[in-house]
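Comments concern the structure below.
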Amino acid sequence: MTLATDRNTEPVTETDEQFRARLRAFLTEHRPGPRPRGTEERRAWQKAWRATLFDAGLSGPSWPREYGGMDLPFARQVIYQEEYARARVPGPQGTGLGIAGPTIITYASAEQKQRWLRPMLRGDTVWAQGYSEPEAGSDLPALRTTARREGDHYVVNGQKVWNTHADHADILFTLVRTGTTESRQKGISYLIIDARAPGVTVRPLRDLTGGTHFSEIFFSDVRVSVADRVGEENDGWRLTRTSLGHERAAGAMNQAALYRRVLDDLVELARERGLADDPLVRDRLAGFECQVRIMRHTGMRTIADILGRGEPGPASSTSRLFISTFEQSLHEFAVDLLGAAGLLTREDPHAVQRGRWLGGFLSTRASTIGAGTAEIQRNTIAEQVLGMPHDPAMPPR
């Protein structure tokens with residue numbers, strides 16, 4: 001299937017269902033081959049797929065067209081996420097698209113947008129987040145990584161931890177302290193740092209799955225141009241709220257589409273193992289079905305908030321908390337369903353479906369920690385959704 005080469009146009013009379021059919025046909029025809037086993041080969045495979053999408057004008061469903069996105073209306077963003085999950089094609093590398101991208105679109109200068117957004121969307125550059133620190137995770141305003149101004153540069157020193165994909169990132173979007181230690185959220189700035197700059201050291205961390213999805217980052221006298229600061233000095237907390245909101249919202253619709261597929265796979269697994277008629281199994285599966293449908297409607301509401309207000313709002317915390325607890329429960333049930341076979345890892349030749357359910361069980365142990373702990377999400381929901389009193393120990397929203 002060949003698409004029009006003019007990225008700024010689309011068929012004027014195309015209906016939503018025609019758009020769905022066109023997108024589905026493209027994803028089917030251009031789907032990349034099997035996922036390579038080798039790490040470097042897999043990353044090249046993912047990068048090539050992102051370039052294929054971008055060059056066809058099918059990247060960034062919510063992004064402005066001037067930066068290579070599709071600027072789709074609400075209904076088509078939903079369709080896009082559903083079809084993308086259905087096609088089982090690779091997702092993006094790094095965390096830039098869903099977190100840094102919206103922040104840069106909102107707050108960066110015109111020159112910064114032109115410099116960073118298109119390479120990010122095409123997958124030419126991989127971005128990773130540098131927020132959490134050993135003593136500043138959920139309490140981000142306590143961060144200690146410093147950026148001392150010297151003329152037209154900052155000199156950055158400190159440490160970050162639990163940084164997803166930082167081991168192969170090209171660029172780090174980072175929170176640094178440009179104010180005093182006591183300034184907390186009033187002394188934070190948002191810097192974009194070259195991940196390969198002199199003084200940057202990235203060390204992968206091995207997790208429960210045996211993989212190295214996270215890293216720790218050390219900055220030792222790293223020089224960063226003032227031109228690579230987004231927003232004003234000491235105003236980074238305002239940008240952080242946008243980043244965190246989009247981080248929690250970014251997974252809403254695509255996670256709903258993903259878990260629609262995962263739940264279908266789990267139902268099929270129950271059938272294959274002769275357990276689909278067990279009333280207790282059926283009851284749990286029915287409960288998950290309800291939750292997947294709730295997840296989809298919550299994701300649609302989040303997209304609507306972003307389109308209407310430009311920000312996901314506090315409802316993104318509701319969505320994030322719901323998804324994190326759901327995926328933990330689903331994988332716990334899947335491992336229980338498999339019995340002893342659920343203990344076999346992907347390296348074992350007898351593992352069911354290459355150990356995907358055990359891998360999911362282990363990786364989702366971190367679901368209630370990443371992108372803001374479950375406790376932080378509950379605080380946000382209590383204060384901003386339910387109107388309960390603000391926790392004086394936390395910064396104002």
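The values are calculated or read from the model by the stated rules, or taken from the named source; none is laboratory data. None of these values were measured; they are calculated from a predicted model. Glycine gets a Cβ as well: all are built from the backbone with ideal geometry, and neighbour counts include every protein chain shown. With ligands, DNA and RNA removed, areas are computed over all heavy atoms of the protein, side chains included. Shrake-Rupley method; radii C 1.70, N 1.55, O 1.52, S 1.80 Å.
Classified by the C-alpha gyration tensor, the stretch 109-250 has a rounded form. Its axis ratio a/c, with a ≥ b ≥ c, is below 1.5. At full extension, Val226 and Glu347 could sit 38.8 nm farther apart than now, given 0.36 nm per residue minus the alpha carbon distance. Using a ≥ b ≥ c from the Cα gyration tensor of the stretch 23-90 (square roots of the eigenvalues), is it rounded, prolate or oblate, where a/c under 1.5 gives rounded and otherwise the larger of a/b and b/c decides, a/b for prolate? Prolate is the answer for the stretch 23-90, as a/c is 1.5 or above and a/b outweighs b/c. The modelled label-to-label distance for the pair Val385/Ala87, using points 7 Å beyond Cα in the direction of Cβ, is 3.2 nm. Taken per residue, the accessible surface of the chain reaches 47 Å², heavy atoms only and a 1.4 Å probe. Between the labelled values [x] 21.6, 71; [y] 25.2, 74; [z] 20.1, 61, the entry that holds Rg and Dmax of the Cα atoms in Å as derived from this structure is [x]. Between the beta carbons of Glu268 and Leu208, assuming R0 = 35 Å, the FRET efficiency works out to 0.85 to the nearest 0.05.
Where does each of Lys186, Lys160 land when they are ordered by accessible area, with a 1.4 Å probe and the largest first? Intermediate results must be reported in sequence, preceding the final value.
Details: Lys186 150, Lys160 0 Å².
These residues rank, largest area first, as Lys186, Lys160.
Using only the Cα atoms of the stretch 1-132, build the gyration tensor, take square roots of its eigenvalues as a ≥ b ≥ c, and label the shape rounded, prolate or oblate: rounded if a/c is under 1.5, else prolate if a/b is larger than b/c, else oblate. Because a/c hits 1.5 or more and a/b fails to exceed b/c, the stretch 1-132 counts as oblate. Within the assembled protein chains, the solvent-accessible surface assigned to Thr15 is about 70 Å², based on a 1.4 Å probe.
Rounded to whole numbers, the Karplus 3J(HN,Hα) couplings from phi for the stretch 33-38 are x, x, 5, x, 7, x Hz, using 6.51 cos²θ - 1.76 cosθ + 1.60 with θ = phi - 60°, and x at Gly and Pro. Taking the 1.4 Å solvent-accessible surface of the stretch 1-133 as the whole, the part contributed by carbon and sulfur is 51%. For Trp63, the residues whose amide H sits under 5 Å from its own are Met70, Asp71, Leu72, ignoring neighbours fewer than 5 places away on the same chain, with H placed 1.01 Å from N.
Helical runs assigned H by DSSP (4 residues or longer) give the chain a calculated mean residue ellipticity at 222 nm of -14500 deg cm²/dmol, each run adding -39500 (n - 2.57) before division by the residue total. Other residues with beta-carbon under 15 Å from the beta-carbon of Arg149 carry, at +1 per Lys or Arg and -1 per Asp or Glu, a net charge of -3.
The spacing between the stretch 94-146 and the stretch 329-367, judged by their C-alpha centroids, is 33 Å.
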